[in-house]
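Worksheet: one structure, shown below.
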Amino acid sequence: MSEEGRFTIHLQQREGFLINVAFDWKRTPDLLMDEPPPLGEQRGPNASRMLAAAAANCLSASLLYCVFKEEPPENCLRAEATCIMVRNERKRLRIGSLEVRLIVGEAVTQSARFARCKGLFEDFCVVSASIRQGVPMRVTILNEAGEVLHTSS
């Protein structure tokens, strides 16, 4: 698979498990992420919540684009993302599955494109399609001098 684009998001630990996320878009404000107690203080979403939100957002945008293209009408879609947490065989907490519900208004259902888009939009959602396939990941730990301390496959 060819690489179509690349971006880098910067994270900086502030205190405890509170992490500042700086995006690569200048007009996008930073985001604080945190863990729930007993680790953190729940001052922001944790990674599991961000993954669920990302999948629901991507599916929402994909459906809206398919139905309306450039300018969807306001307030014509709501979404709910449910993340089901499970423990694996080693008792490690994992995301077992995601359930995304898209609640659409009449502007969507009355569109001439809606019937066709119902069967298409999921395939164009970058996030949910990637999650379903399993995303290869490489993790590297470096010290502040840039020396590689660990690399996973």
Once phi is turned into ³J(HN,Hα) by the Karplus curve 6.51 cos²θ - 1.76 cosθ + 1.60 with θ = phi - 60°, what whole-Hz value does each residue of the range 28-33 show in order, with x for glycine and proline? 8, x, 5, 10, 9, 10
From zero outward in steps of 10 Å, how is the percent of C-alpha pairs of the chain spread across the bins? 9, 27, 36, 20, 7, 1
Taking the dipole about the Cα centre of the range 46-151, with the C-beta of Lys and Arg at +1 and of Asp and Glu at -1, give me whichever of Ile141, Cys83, Val126 is farthest to the positive side. Cys83
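Between the DSSP loop rule and a limit of at most 11 other Cβ atoms within 10 Å, which chymotrypsin sites (Phe, Trp or Tyr not before Pro) in the range 17-119 are left?
Taking the range 17-119 and a limit of 11 other Cβ atoms within 10 Å, the loop chymotrypsin sites (Phe, Trp or Tyr not before Pro) found are Trp25.
Multiplying the sequence separation of Ala112 and Arg6 by 0.36 nm and subtracting their Cα-Cα distance, what value in nm do you get? Don't skip to the end; give the middle numbers.
Details: separation 106, 0.36 × 106 = 38.16 nm, distance 3.51 nm.
Extra length available between Ala112 and Arg6 comes to 34.6 nm.
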At 0.36 nm per residue, minus the direct Cα-Cα distance, what do Ala22 and Ile131 gain on full extension? Give it in nm, one decimal, please. 37.0 nm
What number, in percent, do you get for the relative contact order of the range 46-151 if the mean sequence gap of Cα pairs under 8 Å and at least 6 apart is divided by its residue count? 27
Which order do the peptides 46-59, 75-88, 118-131 come out in when sorted by mean C-beta neighbours inside 10 angstrom, highest first? 46-59, 118-131, 75-88
For Glu89 and Gln13, FRET efficiency with R0 = 22 Å and r from the beta-carbon atoms, rounded to 0.05? 0.10
Which value, in debye to the nearest 20, gives the size of the charge dipole of the range 46-151 about its Cα centre, when Lys and Arg are +1 and Asp and Glu are -1 at the Cβ? 520
Compute the Rg to Rh ratio over the range 1-83 from the alpha carbon atoms, using the Kirkwood formula for Rh, and round to two decimal places. 1.05
Express in nm, to one decimal, how much length is gained between Glu147 and Ala53 on full extension, taking 0.36 nm for each residue of separation and deducting their alpha carbon distance. 30.4 nm
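Any read-out appearing in this document is the output of simple, stated calculations on the displayed coordinates, not a laboratory observation. This is a predicted model, so every value here is computed, not measured. Quick reminder, even Gly has a Cβ in these numbers, built from the backbone with ideal geometry, and neighbours come from all protein chains shown.
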